[in-house]
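One structure below.
The values are calculated or read from the model by the stated rules, or taken from the named source; none is laboratory data. None of these values were measured; they are calculated from a predicted model. Neighbour counts are summed over all protein chains in view; Cβ atoms, including those assigned to glycine, are modelled from backbone coordinates with ideal geometry. We work out accessible area using only protein heavy atoms, side chains counted, and drop any ligands, DNA or RNA first. Shrake-Rupley method; radii C 1.70, N 1.55, O 1.52, S 1.80 Å.
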Amino acid sequence: MVSETAIYPVLDRIDREIVALLVEDARRSNKEIAATVGIAQSTCSERIRRLESGGVFRGHHAEVEPKAVGVGLQAMIAVRLHRHEKSQVDRLRTHAGGMPEVVGFYHMAGANDFLIHVAVRDSDHLREIAMGAFTSQPEVAHIETSLIFEHTRFLGLPSD
């Protein structure tokens, strides 16, 4: 979760190019990034350190093929709480965050309080998660599950 009081560095054009290159491939070498954006390797290294310490990057990730790790089905579970109050929100966030099947957690405005992206083995596993892990929580008033037929992640940043 992002701190509401975080102070992020101001990004210039070169910083944005560096960020975009690392979003596209976090394993790029400093040498390659420096050459692409047209700065010295030492300058590039210092800029990346400043971006990291300034909280611009949340982490570096490897994207995994779901089928390769036994995931046969993905779904979004919409959750509505009895009351949208901080203690219930925190309780559900903590609960969902501790589940290995949860790959995304979205606190929403609107009819539903949360959308929770889950990755499971099969439909039996999905039913077990929906019924056992969510409807059993005292703060949960309603859930609705939608299957994901295709999931494509677009790597990019908004333009200025």
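Taking Val71, is it surrounded by 12 or more Cβ atoms within 10 Å (Cβ to Cβ), assigned to a loop (DSSP other than H, G, I, E, B) and touching a strand residue (DSSP E or B) at 6+ places or on another chain (Cβ under 7 Å)? Before you say what the answer is, go through the steps one by one.
Working: surrounded by 12 or more Cβ atoms within 10 Å (Cβ to Cβ): yes; assigned to a loop (DSSP other than H, G, I, E, B): yes; touching a strand residue (DSSP E or B) at 6+ places or on another chain (Cβ under 7 Å): yes.
Judged against the criteria, Val71 is a match.
Out of all the residues in the range 77-86, is one or more open to solvent by 90 Å² or more (accessible area, probe 1.4 Å), free of Cβ contacts under 8 Å to residues at least 12 places away in the same chain, of a type in the set (Asp, Glu) and part of a loop (DSSP other than H, G, I, E, B)?
There is no residue in the range 77-86 that is open to solvent by 90 Å² or more (accessible area, probe 1.4 Å), free of Cβ contacts under 8 Å to residues at least 12 places away in the same chain, of a type in the set (Asp, Glu) and part of a loop (DSSP other than H, G, I, E, B).
Give just the number: which of (1) within 30 Å of Pro138 (Cα to Cα); (2) open to solvent by less than 90 Å² (accessible area, probe 1.4 Å) does Gly59 not satisfy?
(1)
Has the range 104-124 got any residue that is open to solvent by 80 Å² or more (accessible area, probe 1.4 Å), hydroxyl-bearing (Ser, Thr, Tyr) and assigned to a strand (DSSP E or B)?
Scanning the range 104-124, I find at least one residue that is open to solvent by 80 Å² or more (accessible area, probe 1.4 Å), hydroxyl-bearing (Ser, Thr, Tyr) and assigned to a strand (DSSP E or B), so the answer is yes.
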